[in-house]
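Encoded as C-alpha cells, the structure appears first; notes follow it.
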Amino acid sequence: MSEIVQFDKYRHVRAAPPLVFVDMVRHEIDPEPGFGEAESGPVLARCRQLLREARSRHWPIAFVRSAMRSVPGFASAGARWIDGFEPRRCDMVFERHGASCYSSDEFARAMDAAGRVYIVAGFSADNSCLATLMDAPLNNHFVGVVQDAAATRPLPGLDAAESHRAVIAVSSRYATILSTEHWIDVAVGATIGAARA
C-alpha cells in the first residue's frame, strides 16, 4: 500500500541558511611562526561541531577554496581538503579565482537561490572571508560570521589572537558576528519554528 504525501504539511519548512566553509584545505593549517596547532586546533574543533550539526539536520553546506589547484605542486598537497571536511555529493563546492567567494559566479548565484543569507566559517578570515563579507552588500546578501570557527594568521605587529580580534571588529561592519553555540541555537530555532507554522 502506498502512502500519499501531504505536501501542504511541508510547505513552510525551511532549512537554515547555508553554512559556507572557506578554505578548509590542508595548507591552511600548516604551522608558521605565531600560528600553529594552538591557533588552528580550536577553530577546527568548532568547524567540526558546525559540520556535524549541519549534516545531522540536513542543512545546506558549501565549501569554497581557491582555484590555485592548477599551480604545480600545490594540488598535490596544499589544496586537498582537511580530513573530515571532504565535500559530499549533496554539498555545494565552489572554486574562487580571487580573494572573495564572489569571484565565483556560481557562488553568487547559489547564495541568491538560497535566500540571500548565509553563514561563514573556516580559515582565511583576514583574506577570503573578509573580502567576501565586503562584497556581500554589493550583492544584496546578508552574512553571519562564526567568530570562534574562523582563523586569522598573525598580521604585522600583532599575534594571531590580536589579529583575529581586529579582523572580527572590521567584519562587524559588514556581517553579524556569532559564536558556534549561538548560530546552532538560532538555526535550530528557525527550522523548528518554520516547521510548526
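Laid out as a table, the results:
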{"item": "Check on D105, acidic (D, E) and in contact (Cβ under 8 Å) with a residue 40 or more places away in the chain", "result": "no"}
{"item": "Selection from segment 97-108 of residues that are more than 16 Å from the chain's Cα centre (by Cα) and either in a helix (DSSP H, G or I) or of a type in the set (F, W, Y) (or both)", "result": "D105"}
{"item": "Near pairs, Cβ below 8 angstrom, 6+ apart or cross-chain, from segment 149-178 (free of Cβ contacts under 8 Å to residues at least 40 places away in the same chain and hydroxyl-bearing (S, T, Y)) to any residue that is surrounded by 16 or more Cβ atoms within 10 Å (Cβ to Cβ) and part of a loop (DSSP other than H, G, I, E, B)", "result": "S163/T152; S163/R153; S163/P154"}
{"item": "Residue that is surrounded by the most Cβ atoms within 10 Å (Cβ to Cβ), among those in segment 103-141 that are under 28 Å from A45 (Cα atoms) and among the charged types (D, E, K, R)", "result": "D126"}
{"item": "Residue pairs meeting the criteria (Cβ under 7 Å; at least 6 apart or on separate chains; first closer than 12 Å to D148 by Cα and hydrophobic (A, V, I, L, M, F, W, C), in segment 41-53; second modelled with pLDDT of 95 or more and in a helix (DSSP H, G or I))", "result": "L50/T180"}
{"item": "Residue in segment 147-171 that is farthest from A125 (Cα to Cα), counting only those that are assigned to a loop (DSSP other than H, G, I, E, B) and out of contact with any Gly (no Cβ under 7 Å at 6 or more places or on another chain)", "result": "G157"}
{"item": "When residues of segment 179-194 are limited to those that are surrounded by fewer than 17 Cβ atoms within 10 Å (Cβ to Cβ) and of a type in the set (A, V, I, L, M), the one modelled with the lowest pLDDT", "result": "A194"}
{"item": "Top-ranked residue in segment 55-65 [being assigned to a helix (DSSP H, G or I) and without any contact (Cβ under 8 Å) to a residue 60 or more places away in the chain; ranked as nearest to D112 (Cα to Cα)]", "result": "R55"}
{"item": "Members of segment 109-128 found to be farther than 26 Å from E39 by Cβ and outside any strand (DSSP E or B), listed by number", "result": "R109, A110, M111, D112, A113, A114, G115, R116"}
{"item": "Some residue of segment 96-103 being modelled with pLDDT of 95 or more, polar (S, T, N, Q) and more than 21 Å from V188 (Cα to Cα)", "result": "yes"}
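The values are calculated or read from the model by the stated rules, or taken from the named source; none is laboratory data. As the structure is a computational prediction, the values presented were derived from the model and not from experiment. Cβ coordinates were reconstructed from backbone atoms using ideal geometry, including for glycine residues, and neighbour counts include every protein chain displayed.
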